[in-house]
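Notes follow the structure.
The values are calculated or read from the model by the stated rules, or taken from the named source; none is laboratory data. As the structure is a computational prediction, the values presented were derived from the model and not from experiment. Here Cβ is always computed from backbone atoms with ideal geometry, including for glycine, and neighbour counts include all displayed protein chains.
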Amino acid sequence: MEIMDLSERKRKILSAIIENYIDTAEPVGSKAIAQTTGLGVSSATIRNEMAELEEMGWLEQPHTSAGRIPSSRGYRAYVDYLMQRYRVNESEMARTNAFLQSRIAELERIITEAGKLISELSGYPSLSMTSRLRGTLIERIELMPVDSYQFVLILVMSDGTVKNRLCRARLPLPSDLLREISDLLTRNLHATALSEVSVHQIALLQHALGEYDFVLQPVLQVIREAAMSAENPEVILGGEGRLLEQPEFHDLDKTREFLDFLQDNESRRQGLSPAEGHEGITITIGQEHPLQELRDSSVIMGNYMLGGRPIGMIAIFGPTRMNYRRVLGQFEYFTNGLNKLLQELFESQDSSE
């Protein structure tokens, strides 16, 4: 039986049980539902309805004498059909807008800070990562002088990502020479994919640079590191201490085991796999998740875009008793704003060229 085939009373009772359990983390009894729903029926009637909802798979009873808790199927019905849309409050909007309006220039820092903020807003840990950007192109290379023997190497990529490194030269490099080398490198490597810088291109640059060909070594190293980062992105974990605020993680052995799982970058990437290739927001609840380690949790995931391409993901995870209504409202507002910011950065970069 589908959720919309249930009677209106059963749907109200199911919704009330889920919201009560989200608030209290305690199994919910018929008396509490009778007092809070205003259905105008007795506790005995509600008990019968709860027993039927359990038989249908929408509820579970952890102990014979206890009240009911939602099943993964019940949570899914709540998220998809029953819960009311959450209105982001002024404080949450202000914090999100202040972050988005800061227009942080470097994509990786945006992603790191984004994960921290959504964790603070929601009260749950977050994961954030940049996607595997096969075919990301070199936009430009700049060498900025620090002193006669030191310069900052800046690699700007077509997705807006910036890599930089402080380098030391074995010969003095005047400012005008650094500008010439920057133009030469950009002219020869512009629109080249990170992973496809050819031996022929390197040979031409070595010949053109002459005694200054040592500059190529840090340039190629930064390009290689950027290519590796694009193929094997780091997934950043934020706010993991917030797990301890949830009753489900008061068992320290269980929490330690879960955190050990999250310390592995590959495990974190697999945790985000349900959202790969999907637009909008993806939610996995309990047993729906392909990873065994996350089947007692819920994960809310969203892709963010740059220039019409998905370039990464951000996610919140917590117990299945997550406050879906509030967190989804916050998450939608936040990811929409993040996508708008990234689009503005992309367009402003295009217009400046």
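In segment 182-235, the qualifying residues are those that are touching a strand residue (DSSP E or B) at 6+ places or on another chain (Cβ under 7 Å) and among the hydroxyl-bearing types (Ser, Thr, Tyr), and the one that is nearest to Ser148 (Cα to Cα) is Ser182.
Being assigned to a helix (DSSP H, G or I) and either farther than 20 Å from His63 by Cα or touching an Asp or Glu at 6+ places or on another chain (Cβ under 8 Å) (or both) is the filter here, so list the residues in segment 20-36 that pass it.
So the first thing to find is which residues in segment 20-36 are assigned to a helix (DSSP H, G or I), and the list is 20-24, 30-36.
Within segment 20-36, Ala34, Gln35, Thr36 meet the criteria.
Candidates are the residues of segment 264-302 that are within 14 Å of the chain's Cα centre (by Cα) and charged (D, E, K, R); the one that is surrounded by the fewest Cβ atoms within 10 Å (Cβ to Cβ) is Glu279.
Checking each residue in segment 124-141 for being in contact with a Lys or Arg (Cβ under 9 Å, 6 or more places away or on another chain) and either modelled with pLDDT of 90 or more or aliphatic (A, V, I, L, M) (or both) picks out Tyr124, Pro125, Ser126, Leu127, Met129, Leu133. Only residues that are over 19 Å from the mean Cα position of the chain (by Cα) and modelled with pLDDT of 70 or more were counted across segment 333-350, and they come to 1. Quick one: which of Thr24, Thr37 is within 25 Å of Thr284 (Cα to Cα) and either at pLDDT below 95 or of a type in the set (S, T, N, Q) (or both)? So the residue among Thr24, Thr37 that is within 25 Å of Thr284 (Cα to Cα) and either at pLDDT below 95 or of a type in the set (S, T, N, Q) (or both) is Thr24. Identify, from the list Val222, Val235, the residue that is surrounded by 21 or more Cβ atoms within 10 Å (Cβ to Cβ) and touching a residue at least 40 places away in the same chain (Cβ under 8 Å). Matching residue, one of Val222, Val235: Val235.
If the condition is being buried (at least 16 other Cβ atoms within 10 Å of the Cβ) and either among the polar types (S, T, N, Q) or closer than 11 Å to Leu143 by Cα (or both), then segment 196-217 contributes only Val215.
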